[in-house]
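Have a look at the structure below before the remarks.
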């Protein structure tokens, strides 16, 4: 079983010879940049090695939230929610966005302490997050187990449909004049007098004065070939779709060990919350020092695995010439196998939390690879050593919700416009060493 209902994007535009901005990657990070640049009248091409939104952009839970975010990332997330609310009208598309609110329900002392603390922060920041107890919680989610003593509810969070949102955004960008080329891997860049002047793809060269690397989990490998060290690892998440469940809630709900979101197709996307697979690879050792601080607080969310992926990545080319076949041409769509224990656990945990899921029918299971930085904050930045080169990646599992603002911010950085939020926290140079090893 695979990802359900990914809309197909197609276009008749010819391969471009020259654009103002070339974007590497057709997920939400790249497509939103193209959409905002095209709206501003900038000529832009998106070059995608596989298909639009075929990797993590269509495999996430579909939550659009500010609740629980790192305060450093919160301004970007708030801006993104403001954009989500108007995207469909502004670009004449249908992303499936609904402002339903989101609720985290708490059962253990650790969960209660975590969200009570964040609720206090939200109150000080004048955010519409509210702590609920007892009867209020039952009124909000009828039938929820009484084991849950407290909840944090944010009324202006929401949800959208991953399988249709980014293809719809791609159609908007296309209507505005952007060229989106699929099945076209970018092998590298060319420079003139030290500045970006073109991208070289498997189908030919595209002249461009600016290039945005928005390749998700592939961004580290691409930049490494340019001598740039982007500290980023892959984390694998698993989710599933179920049907045959009576209406439980219009809003996404998360507990300590489960999460669900109602889908527009009548089913629910379900996952075990805070459960991800971290495959041990050569990069795990190369970047171990960078990730030590984060591991101290998030190790309980990870299931470490070592297997054939280690050997595959050990053998993967880290350096290549522009006339050579690259790793990007060998894996058009990264489609990791779902971790079945996470599916089983999610259904057991969810049924315990709400009996309406007891007879749910499982229809699809899937996995996706998330691009995670050491501090779980994205990189939305110019690359100072190569003028005209930019990167937007490392959204660390938050990319669907934060994607529109990430795209807008990157479009403003490329154009030299006043940014919608302070870009300082997202600079690549915040990391200790950005020079790649040979």
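Laboratory data are not the source of any read-out in this text; all were calculated from the coordinates shown. Here the structure is a predicted model, which is why all the values come from computation and not from measurement. In this analysis, Cβ positions are derived from the backbone assuming ideal geometry, glycine residues included, and neighbour counts consider all displayed protein chains.
Centroid-to-centroid, using Cα positions, the stretch 84-132 and the stretch 204-278 are 19 Å apart.
Highest GNM mean-square fluctuation, the chain, Cα pairs closer than 10 Å: which of 247, 257, 371? Most flexible of the set in this elastic network: 247. For the chain, modelled as a GNM whose springs connect Cα atoms under 10 angstrom apart, the maximal fluctuation among 159, 319, 98 occurs at 319. Between residue 90 and residue 205, the FRET efficiency from the beta-carbon distance, with R0 = 30 Å, is close to 0.35. Modelled this way, with points 7 Å down the Cα-to-C-beta line, the labels at residue 82 and residue 311 are 5.3 nm from one another.
Along the Cα-to-Cβ line of residue 304, 7 Å from the Cα, sits a label point; which residues in the stretch 345-377 have backbone N less than 19 Å from it? What the label zone holds, given the 19 Å backbone N cut-off, is 372-375.
Here the contact order of the stretch 102-155, divided by its residue count and restricted to Cα pairs under 8 Å and six or more residues apart, works out to 55 percent.
Panel order for 17, 243, 48, by other beta carbons found within 10 Å of each beta carbon, from fewest to most: 17, 243, 48. The shape of the stretch 255-342 comes out oblate: with a ≥ b ≥ c from the C-alpha gyration tensor, a/c is at least 1.5 while a/b does not beat b/c.
Residues within the reach of a label modelled at residue 288 (point 7 angstrom out along Cα to beta-carbon, backbone nitrogen below 12 Å), restricted to the stretch 224-256: there are none. Going from the fewest other Cβ atoms within 10 Å to the most, the residues 291, 121 appear in the order 121, 291.
Taking label points 7 Å from Cα along the Cα-to-Cβ direction, residue 197 and residue 109 give a separation of 6.6 nm. Here the calculated FRET efficiency for residue 265 and residue 138, from their Cβ-Cβ distance with R0 = 30 Å, stands at 0.60, rounded to the nearest 0.05. In percent, rounded to a whole number, the relative contact order of the chain is 24, using alpha-carbon pairs under 8 Å and six or more apart.
Overall shape: oblate for the stretch 102-155, with the ratio a/c of the largest to smallest alpha carbon gyration tensor axis at 1.5 or above and b/c at least equal to a/b. The DSSP beta bridges internal to the chain are antiparallel in roughly 70% of cases. Among 126, 203, the ranking by other beta carbons within 10 Å of each residue's beta carbon, starting with the fewest, stands as 126, 203. Between residue 340 and residue 430, the simple spin-label model (points 7 angstrom out along Cα→Cβ) gives 4.0 nm.
Report the Cα centroid-to-centroid distance between the stretch 135-184 and the stretch 1-42 in angstrom, as an integer. So the separation of the two Cα centres works out to 21 Å.
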